[in-house]
Each structure stands twice: as structure tokens, then as C-alpha cells.
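To start, the structure itself, in C-alpha cells.
Just so it is clear, none of the values below were taken in a lab; they were calculated from the coordinates. Quick caveat: nothing in here was measured; it's all calculated off a predicted structure. Neighbour counts are summed over all protein chains in view; Cβ atoms, including those assigned to glycine, are modelled from backbone coordinates with ideal geometry.
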Amino acid sequence: MTDDPGVTAGDIARLAGVGRATVSNWRRRHGDFPRPVGGTATSPLFSLVDVESWLRRNGKPFELSLGDRVWQRLRASGDDFHLADLVGRAGLRLLELLELRDDTAPHEPADPGLAELAAEHGHAGAFELLVQRYVQAHSRRLSVTREDVARLMARLVCRDGDTVLDPACGLGTPLLAARGVRRALGQDAAAPAARIAEARLLLAGTPAEIVAGDSLRHDAFSGVTVDAVLCNPPFGDRAWGYDELAGDPRWEYGLPPRGEPELAWAQHCLAHLRPGGRAAVLMPSAVASRRPGRRVRGTLLRAGALRAVITLAPGGPDLWLLRRPEPGAAPPATILLLDAEGDLDLAERVWKRRADGEHSVPVIDLLDDEIDLSPARHRPRQSGEAFGRRFTEVLDRLAAAAPVPPALDPLPERRPVPVTTLAELARAGVVTISHAPARLRPGGDVPVLTADDVSAGTGPSATSAADPGLIMLEPGDVVATAAGAARVVTASGAALGPYLTLYRPDAERLDPGFLAGFLTFAHLRTGTGSSRVDLRRARIPRLSPEQQRDYGRAFQELAWLTTTLRDLSTLGEELVRLSFDGLLDGHLAPRR
């Protein structure tokens, strides 16, 4: 490892506790900012020693932990295309250090940084820190199972002493969540990912065997049966092997259509379960209803192999819970269909008390021409008491949602305010403007904020496969639609969706709330009658940061008023739907 590793602008932003736009502004505004020592024009690398010295000279807050220093040295020892290999080798070295910890025999000296990091965080903790940094560095390329989702999957199907398999294990997050297992088996098409997964599990004390290879085409555990399977398969992979695997004995429930690779993975998981064994498999929501897969879904239902479909969050993914039927056992008469709406604890509670019939749908009712297993299509019928509570709640909320206009103080006399434009601010480096790619790669589980999400004020509803062209959002970013709806991003992790524009302000000179309010309401002043506005040319007041914040609060009140009116419309529609359902279900009757 080099003694002076290179760091990217994103690394500098994280280490200094600022946004990437701030680092870009430092580069433009300060002539003495360190020059790149490598990388590319779009992703330059800077000397960590030079950056650290510059930050301290200029009084910028800066903290470089031992973990950060080891990570930067590791990253600088090779190129980013081989970063996974470097991380995997670090994991193997930590395993060697763990094995040699109590060995007094002479051995090769360890890298002092890794050894010191292991002494500070433990061998497993040290490697987890490096893996987290790797995931952050390659967030656009990696598809990693969320840790809370992985824990839910493990709790629902794994038991102490189980042998557990993950045939698409990635970096090993689901297997790592399965505590107390006797043995973990895994396979992944990417050899570096398999190496990282195995190191994580072994360092955590879980006996593991992880193999590199394509599980569908080259099953490393052919003939092996296990107690439980956890799987987050690649979504939308049309080249999964339909032609060469058409006669494979794993397709016990029907040949998966060419465009339904996820149904191949579901059957692969079932093929590895012992009778009575359990599987938790993440699926795109569309798999529950797409017409080409209806025959396989129907066979899974009739055999009792599919026990639950749980939509974990708006837009998916769905969690399919499967069980290998035991010979001679009668298949269950119902299946659990639940839209958890992002509440993972609800999903676990409902699954554990499924015997009472709540959210359970008779299998016979689903065996029609569509075999649509989408939980949103099968809401449970409410009792009269439950319906009454919901109906009254909506009425009360509707009455309480009367909008209150914001308090605005008129000026005693009209005073012209200096103006500028977004185009001028962009040229001055005050704001960076980026446009989303026109199309997203299908499949994958990278959350995507869409134009509809921005207009409705909701969270990311779409997903995309990891791609270097994705623009990842950061807190403080402002995202706007062509029609003028805008919002301030408060959390990282989502990508910018098509037809959206990203405005990344220098927070020291341009308040995000003020900018979002301007973008939201500026189209009202154009008078063009067009739904598309060239906001780069629209006039924006030139105000101090303090004044911007005052205006931003006023804009926020106006946005709240808009949201309140939208909520009134939504509540009205829900009241109409409840009234209609109540009439049909017998909970309400027409007035005479």
C-alpha cells in the first residue's frame, strides 16, 4: 500500500463533512487547492497528504480516522476496476492475522495498517469497515441487499442450527444476517464478491463455503439440500440460460418463460430445500402479476410451495416466502398477501400470526386466468368495527385539514430587488446543474426518484440496475420537474430519474429551501401557458444567505398549503372509495 493514497472529490467531501458541490467550489475559488495527481478528467484523484495539509491551513474541519487512512491506502494500491479484488485480499489477510494471533511461530509481517485497524475494531469489525467503504465507493455499480431487509428474511425462514444457502450471495449480507446457523453455503457469479462474502462470514465466526460461478448454469451445490435459502437474485436478466436449461429437472413447477428469470431463481431455491425447508426470495413486484408467468405461479400455489407474497415498500421489492412441500401433506388453503408499505416490523408480525386468517386469501380465489398475486390487489375485507373506525378517521382528517394561508407582511413601499438567473449562478459556480439520463437500465434495486414522486411529494418509487451513468442524490440537493415542481433532498441513496433536473447548490451561498421554492413557483410568473419552463433564464432575486432563508421559509409555507390542498383531494377520494366499499360490503346503507 502506498504511503500517500489518492482521494476523490467524494472522499474529500466525506472526510471534511461537506457536500461534493462544496469541494467543487473550493477547487474553483481557491488557486492553491491541490492539483489532481491521477484519475480522469471526470473523476480526478488528489494526494491525501496535500489535501489534508490544505484543509488544515484553511481552517476547514477535517478528521481522518485510522479506518479512513487504511481504506485510502488500500484503494490507492490499485485501480478502481480491481477494487473488489483488493478488498477481498484484505479480508484474506485479516483471516490470516486472526489465525496467527495466538501463534508464536515466526511469520510474514502483516501490513501495519490492517493489524492496527484489527486491534482497534476487531478483525471482523475492521473488514466490515472496509466493505462499507467499498460499497460507498461503488454504490452505482453494486446491488447490495439492504441490511434491515436481510435481517427480516433471515428471521422469517432461518432457525438456530440450520444449514443455509444463498445462490446469489453478492457480498454475503443475507447470509451474514442469519445468526446461529450451523453452516452457510453461497455462490455468486462474480469471483471477487464471493471472496468478500466468504471472508465476512468466516471473520464473523460462521462456518462458510462460498463458490464463484453462475448458479443457474453451473450449480456448485447440485444435489445438496438445506434447511433454508435466502436469495436476492439479479432482476431482469434475460440472458439467464433459457435455451440451454429448457429441460432442467429443477423446473418442477413449470419451465420459466424467457422473460421471467426470477421464477427460475425461485425454483432453483426450492430444488435445494429439504422437505419442509423454507426460502425467502426477493422479487420485483411485477413478477406477481406478469401474464407470461401465470402458469408457474399457479403450479406453485396448487402445490403449496408459495406461502406468502409481501410487498416491502411502495414500488417493491416483494418478498416471496416459499416452502418445500412434504410428501403426502395437504397444501394450505390460503396464501398470505400483504402490502407492508415500508413497515418491516408489520411484515414480521403478520407472518407470525398468519394462522388467524388476517391478510390471507383463499388459493381457490386466485386460480383464475390471471393468477395475480399482487398484495395491493387483495386488500383484506374489514370488519364492521374496523371499517367504522377508518371511515370516522377519514371524516375527522378531512374536517381538520382546512388550509391556512401563510402569514406574509406587506412592505410599506415597493423596493426593487437585484436579480440574477440560474444560468449566471451556474457559471459562477454557485449551483451545479445536471440532467438525468433519458432511460434507466431495467431490473436492479437502486431506488430512483421519479418526476411523479417529486410532484406528489413521495419517496422513490422506481428502481434501476446499477449503472455508472446514474446520478446519485445527496442531502441538500434540489430536484425539479420540467413543469416546476421541486423539492429538497433530505437523504442519500436514491438516483435521479428521467425528466428530472438536479440543482446542487453551494450551501454557503445559495440556500436549498430558497432555491426549491423559486423553482416551484417561478413558472407561475412566466405567463406563457406552457407546462415546460426554461428555469435557467427565469429571474431570481439576489439576496444574502440570511434573506434567502427567510424567503425559503415563506416558500415552504406556500408549499405546505399546496400539499394540504392535495391531501384534501386525496382524503376526498378515499372517503368516496370507503363509501362505495361500505355500500357493497353492507357497512353503510343509502339514506331514505
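Summary table
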| quantity | calculated |
| --- | --- |
| ³J(HN,Hα), Karplus 6.51/-1.76/1.60, whole Hz, each residue of region 277-283, x for Gly, Pro | x, 10, 9, 10, 10, 7, 9 |
| Other-chain or far-sequence residues with amide H under 5 Å of Ser139's (modelled H) | none |
| Debye intensity ratio in log₁₀ form over the Cα atoms of the chain, taken at each q of 0.12 Å⁻¹ | -1.30 |
| Debye intensity ratio in log₁₀ form over the Cα atoms of region 6-137, taken at each q of 0.17, 0.23 Å⁻¹ | -0.92, -1.39 |
| Loop-located GluC sites (Glu not before Pro) in region 195-270, at most 12 other Cβ atoms within 10 Å (DSSP) | Glu244 |
| From phi via Karplus (6.51, -1.76, 1.60), per-residue ³J(HN,Hα) for region 292-298 in Hz, x at Gly/Pro | x, x, 5, 5, 5, 4, x |
| 5 angstrom amide H check on Leu165, placed H, neighbours 5+ away | Leu185, Ala228, Val229, Leu230 |
| Derived scalar couplings ³J(HN,Hα) [region 424-438; Karplus, 6.51 cos²θ - 1.76 cosθ + 1.60; whole Hz; x for Gly, Pro] | 5, 5, 5, 5, 7, x, 6, 9, 9, 10, 10, 10, 5, x, 5 |
| 11 Å beta-carbon shell around Gly316, net charge (K/R +1, D/E -1) | -3 |
| Mean shadow area of region 147-377 over all directions, Cα convex hull, nm² | 11.7 |
| Relative contact order, percent, region 6-137 [alpha-carbon distance under 8 Å, six or more residues apart] | 21 |
| Mean Cβ neighbour count within 10 Å, used as a protection proxy, ranking 30-38, 550-558, 509-517 highest first | 509-517, 550-558, 30-38 |
| Distant-in-sequence amide H partners of Arg307 (H built 1.01 Å from N, under 5 Å) | Leu321, Leu322, Arg323 |
| Relative counts (whole %) of C-alpha pair distances in region 461-500, using bins that are 10 Å wide | 27, 58, 16 |
| Distance between region 452-470 and region 536-580 - C-alpha centres, whole angstrom | 21 |
| When the convex hull of its Cα atoms is projected in every direction, mean area for region 1-66 (nm²) | 4.5 |
| Ranked packing of 368-376, 128-136, most packed first, by mean Cβ within 10 Å | 128-136, 368-376 |
| Value of relative contact order over the chain, rounded to a whole percent, pairs C-alpha under 8 Å and six or more apart | 9 |
| DSSP-loop GluC sites (Glu not before Pro) across region 1-101, with at most 15 other Cβ within 10 angstrom | Glu63 |
| Relative contact order of region 419-542, pairs being alpha-carbon contacts under 8 Å that are 6 or more residues apart, as % | 32 |
| Debye log10 I(q)/I(0) for region 419-542, one point scatterer per Cα, at q = 0.15, 0.19, 0.20 Å⁻¹ | -0.65, -1.01, -1.11 |
